[in-house]
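The values are calculated or read from the model by the stated rules, or taken from the named source; none is laboratory data. Since we're looking at a predicted model, the values are computed, not measured. Because the Cβ atoms are built from the backbone with ideal geometry, glycine has one as well, and the counts that use them run over all protein chains shown.
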Amino acid sequence: MPALATVFPTGPSLAADAGGEMPSFGMTLVQEEGTLIVRDLVPNGPAYRAGVRLGDTFLSIDGVRLKGATFEQVRARLTAPRADAVTLQVRRRAGGNQELRLKRPAPNAALTAAALAWRSSGALDAGQQGAIPGPQSTGRSDVIDRGTLHVGDDLIDFTLPRLGGGEVTLSEFTGKPILLDFWATWCGPCRAAAPGLAAITTRFGDKIQIIGINMDSTPGMAIQYAQGAGLTYPHAFSQGWEDPVIREYGIHLTGIPFNILFDAQGRVAAMDLHGQPLADALELLLHRE
């Protein structure tokens, strides 16, 4: 394998992005113990649309391992005009590695000042619009991790109140693929993901089952939003970040939006998939059944 110094060229042009911020991709990286971790992420920015999530650890770019690489070296690799996209492998905080296709921005591409002002780090107050409470935020109390599911694990059953009345018990829906989606109306990226979930519902119909886990403080706004966005599947109502279900599934560590895809036997098949990757995973599961 070539040395990092020859794979990741550096130069004076890198000075504009000093400090770990990558505005053209809509993300900020921090270096911890020789690895680069996503600290901030602009909702619906290039990195977010590619599937990058808060807390992801960068493992490799186009097959080149990043252990020990500096931020400047990684940025140079991402922005080098070799192709219109790179293959990025990340380790997800919720467990497992994922391979993403990250498109390079067009020359001189820039995000708006409003988008760049959005931050999900501890610099934001918990009540500020757009802040996602989670491990990078002061928006939750310090809770104890009760464990996070990994691919191949069995589902953790639960019964929660259903938005609009009644209850939702997860195990009652086994026998077909289940997508468990954690969301809230105050979460900008959750709202951005809603049209894709509505499209998944239309495309797959009753071949799959989507279950939303809403994390609003009161159910009224969530019911109204779900109806308006075409999210016609059942939605359970949790009690926020301290809810035992949220803790058992590790959502207090991942933040939202976050989803977990179970196969028909109730085993974890994938996590945190959105858009076409989610549709591809569902097609694969249905083909296996």
Next item on the list: For Asp84, state whether it is within 26 Å of Ala193 (Cα to Cα), surrounded by 20 or more Cβ atoms within 10 Å (Cβ to Cβ) and not assigned by TED's automatic domain parsing to the domain that holds Pro189.
Entry: no
Next item on the list: Filter the stretch 24-41 down to the residues that are in contact with a Pro (Cβ under 9 Å, 6 or more places away or on another chain) and closer than 18 Å to Thr254 by Cβ, then identify the one that is surrounded by the most Cβ atoms within 10 Å (Cβ to Cβ).
Entry: Leu41
Check: Restricting to the stretch 151-191, what's the tally of residues that are within 13 Å of Ser238 (Cα to Cα) and of a type in the set (Phe, Trp, Tyr)?
Finding: 3
Next item on the list: Determine if the stretch 264-271 includes at least one residue that is of a type in the set (Lys, Arg), surrounded by fewer than 17 Cβ atoms within 10 Å (Cβ to Cβ) and not in a helix (DSSP H, G or I).
Entry: yes
Margin query: Looking only at the stretch 204-219, filter to residues that are within 17 Å of Leu160 (Cβ to Cβ) and modelled with pLDDT under 95; which one of those is surrounded by the fewest Cβ atoms within 10 Å (Cβ to Cβ)?
Written below: Thr218
Check: Within the bounds of the stretch 246-253, is there any residue that is at pLDDT 95 or above and either β-branched (Val, Ile, Thr) or surrounded by 19 or more Cβ atoms within 10 Å (Cβ to Cβ) (or both)?
Finding: no
